[in-house]
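See structure below.
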Amino acid sequence: MSGRTLSFTVPPEGEGRRVRAVLQGQLGLSAGLVTRLKHRDGAVRVNGAAARTIDVLHAGDVLEADVGDAGAGAFAPAPGELDVVWEDEDILVINKRAGIAVHGRSERGEPTIGSLVAAYLGTAAPFHPVNRLDRGTTGLMCAAKNGWMHERLRRILHTDAFRREYLAICAGALPGEGGVIDAPIARCGEQKRFCISPDGAPSLTRWERLGSWDGLNLVRLRPETGRTHQIRVHMAGIGCPLLGDRLYGRPSRDIGRAALHSSALRLVHPLSGEIVFVRAPLPEDMRALLPEGFQA
């Protein structure tokens, strides 16, 4: 089991509360996780002794819960560079390079972010990505080091407590200096493509033009939902597909992938309340497309 123990000292006002109530209240565990801990020997303790979730607590008692993952990870560790830009006991923020999948299997045996994380944390630590990036997309993504924190982060994903910002280079004439694309997205039949459709899931992206040159635009994007290919579909939908996007636009001789970069991530830490804010500069292949002297 990957180790992570939460500890809570019962204050005077907690006199008489039951273990389950404190686990779900002060420690923020879900009902499902509490039930799983109940069936794991010694996972819940009061003053160092195994406890039941129905036990009554008294002021000064120390309640502990082992919330680390019970099983080993599904990814075999693989050698390679993992660019960790921020971490603590529960969270990793990674700057992902282009051309690497977040998870899944590669027919050619290439590493994934999951296998690199397995090597970084050790094989006993399952991989818990909170926000995912396409294989070709670069930049910041967040992963939890245990299922408990993954659950906490998923609760705040797509809220003001977890916001992401992207930079993209798009081809075509933008309809103004900025705006909101509020257009539902659905899968296009049995294809791997997605499209704007009245039958799709609600999807909203805010965009702002930062500069234009030679028929290209640098755009800042803030997705408020998390649909698959959302930014790529929305920008193609307004007539400005991402440069190099083979699926929703056309290939480019200037860049071998969709020109999309996860440039900033802001989250309110579910445990400490600390505001975590990190940025990742544009990768070289996107910087090379900017006019000389342009600052992104």
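The values are calculated or read from the model by the stated rules, or taken from the named source; none is laboratory data. Computed from a predicted model, the values in this text were never measured in an experiment. Note that we place each Cβ from the backbone using ideal geometry, even for glycine, and neighbour counts take in every protein chain shown.
Applying the criterion of being in contact with a Ser or Thr (Cβ under 9 Å, 6 or more places away or on another chain) and without any contact (Cβ under 8 Å) to a residue 24 or more places away in the chain to the residues of region 34-44, the residue that is surrounded by the most Cβ atoms within 10 Å (Cβ to Cβ) is 34. All conditions in (1) touching a strand residue (DSSP E or B) at 6+ places or on another chain (Cβ under 9 Å); (2) among the charged types (D, E, K, R); (3) over 30 Å from residue 25 (Cβ atoms) hold for residue 190, with the sole exception of (1). The lone criterion from (1) of a type in the set (Ser, Thr, Tyr); (2) in contact with a His (Cβ under 9 Å, 6 or more places away or on another chain); (3) surrounded by fewer than 19 Cβ atoms within 10 Å (Cβ to Cβ) left unmet by residue 248 is number (3).
If you filter region 1-24 down to residues that are in contact with a helix residue (DSSP H, G or I) (Cβ under 9 Å, 6 or more places away or on another chain) and part of a loop (DSSP other than H, G, I, E, B), you find that the one that is modelled with the highest pLDDT is 10.
For region 179-187, the condition holds for no residue, the condition being that it is within 20 Å of residue 244 (Cα to Cα) and in the same structural domain as residue 294 (by TED's automatic domain parsing). Whether a residue is in the same structural domain as residue 173 (by TED's automatic domain parsing), under 20 Å from residue 100 (Cβ atoms) and either without any contact (Cβ under 8 Å) to a residue 24 or more places away in the chain or not charged (D, E, K, R) (or both) was assessed, and residue 260 passes this test.
Mind checking whether some residue in region 47-68 is at pLDDT below 90 and part of a loop (DSSP other than H, G, I, E, B)?
Within region 47-68, one or more residues are at pLDDT below 90 and part of a loop (DSSP other than H, G, I, E, B).
Kindly check whether there is at least one residue in region 55-62 that is touching a residue at least 12 places away in the same chain (Cβ under 8 Å), loosely packed, with under 12 Cβ neighbours inside 10 Å and acidic (Asp, Glu). No, region 55-62 contains no residue that is touching a residue at least 12 places away in the same chain (Cβ under 8 Å), loosely packed, with under 12 Cβ neighbours inside 10 Å and acidic (Asp, Glu).
Looking only at region 106-129, residues that are modelled with pLDDT of 80 or more, buried (at least 22 other Cβ atoms within 10 Å of the Cβ) and assigned to a loop (DSSP other than H, G, I, E, B) come to 1 in all. Among the candidates 40, 18, 52, the residue that is of a type in the set (Lys, Arg) and in contact with a Leu (Cβ under 9 Å, 6 or more places away or on another chain) is uniquely 18.
Note on region 164-186: among residues that are farther than 20 Å from residue 218 by Cβ and in contact (Cβ under 8 Å) with a residue 40 or more places away in the chain, the one that is surrounded by the fewest Cβ atoms within 10 Å (Cβ to Cβ) is 183. In region 267-296, the residues that are more than 28 Å from residue 217 (Cβ to Cβ) form Cβ pairs under 6 Å with partners that are assigned to a loop (DSSP other than H, G, I, E, B), at six or more places apart or across chains, as follows: 268/161; 276/269. Being within 16 Å of residue 168 (Cβ to Cβ) and either among the charged types (D, E, K, R) or in contact (Cβ under 8 Å) with a residue 60 or more places away in the chain (or both) is the requirement here; does residue 253 meet it? No, not satisfied.
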